[in-house]
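No value in this document is a laboratory result; all are computed from the given coordinates. On a predicted model such as this, the values are computed, not experimentally measured, just so you know. All Cβ positions, glycine included, derive from the backbone under ideal geometry; neighbour counts span all protein chains shown.
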Amino acid sequence: MAVIKHEAQRVGVFIDTQNLYHSAKNLYHARVNFEHVLDTAVAGRILIRAIAYVVTTESGEEAGFFEALANIGIETKTKDLQVFMGGAKKADWDVGMAIDAIKLSPKLDAIVLATGDGDFVPLVEYLRIKEGCQVEVISFGRSSSGRLREAVDDFIDMDGNPEHFLINYRRGASRSAPRRTRTPKTSG
């Protein structure tokens with residue numbers, strides 16, 4: 001049986017903003033269209049909650065970005081950028097994102113992770129096996145972990161339609177639907 005997405009499913013979307021931002025920047029020299037990411041992730045189902053995990057900078061220049069996310073229905077959770085002795089910087093939301101997905105899982109039928117980070121494989125396995133949730137990922141396939149792609153019920157590869165998922169990117173005529181790169185998992 002293929003992955004089922006029906007209008008009565010309750011969906012939570014958890015967005016690893018840094019992961020998508022850096023993938024778009026490095027692969028396409030463009031910015032992510034988070035409204036299109038959210039619409040594709042929800043796929044006509046009931047959105048219970050969409051949360052973007054973001055890092056704040058000292059300059060505060062991201063305030064407009066946070067407002068834009070709120071305007072499309074995405075809640076933001078922020079964390080300050082950590083700067084260590086020697087200049088090393090760290091900005092990691094993996095644990096916070098995982099905790100939120102676990103806490104909200106009893107209220108959700110499907111969980112969509114917007115990330116390509118392979119560190120989320122144990123989370124995917126837990127949500128699928130212990131919580132019984134359908135787990136999907138939407139990300140750029142070229143910068144996504146192969147293990148993560150294999151662990152989820154469905155993977156939406158944003159590389160298949162960058163014109164749809166990126167702002168100010170032009171390659172040619174846009175296709176109407178994102179490409180799926182493998183057959184969804186079957187149950188049974």
- [ ] Within the set of other residues whose C-beta is less than 15 Å from the C-beta of E61, count the net charge using Lys and Arg as +1 and Asp and Glu as -1.
- [x] -3
TODO: Report the label-to-label distance for E131 and F65 in nanometres (one decimal), using points 7 Å from each Cα along the Cα→Cβ vector.
DONE: 2.6 nm
Task: Charge-dipole axis of the range 10-175 as Lys and Arg at +1 and Asp and Glu at -1 on Cβ define it, positive-most pick from G96, L108, L81 - done: L108
TODO: Could you tell me the distance between the Cα centroids of the range 127-170 and the range 1-69, to the nearest Å?
DONE: 11 Å
Open item on the list: Tell me the mean residue ellipticity at 222 nm calculated for the chain from its helices only (DSSP H runs of n ≥ 4, each -39500 (n - 2.57), averaged over every residue, nearest 500).
Closed with: -9000 deg cm²/dmol
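Please list 117-124, 23-30, 79-86, 155-162 highest first by mean number of surrounding beta-carbon atoms within 10 Å per residue. Working shown, then result.
On the way: 117-124: 19.1, 23-30: 16.1, 79-86: 9.5, 155-162: 21.2.
Result, highest mean Cβ count within 10 Å first: 155-162, 117-124, 23-30, 79-86.
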TODO: About the Cα centre of the chain, how large is the charge dipole given +1 on each Lys and Arg Cβ and -1 on each Asp and Glu Cβ? Please answer in debye to the nearest 20.
DONE: 500 debye
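Given contacts defined as C-alpha pairs under 8 Å and at least six residues apart, what's the relative contact order of the range 10-175, whole-number percent? Before the final figure, lay out each step's value.
Numbers: 280 pairs, mean separation 44.3, N = 166.
Relative contact order, the range 10-175: 27 percent.
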Task: Extension gain, K107 back to A8 (0.36 nm per residue minus Cα-Cα distance, nm) - done: 34.4 nm
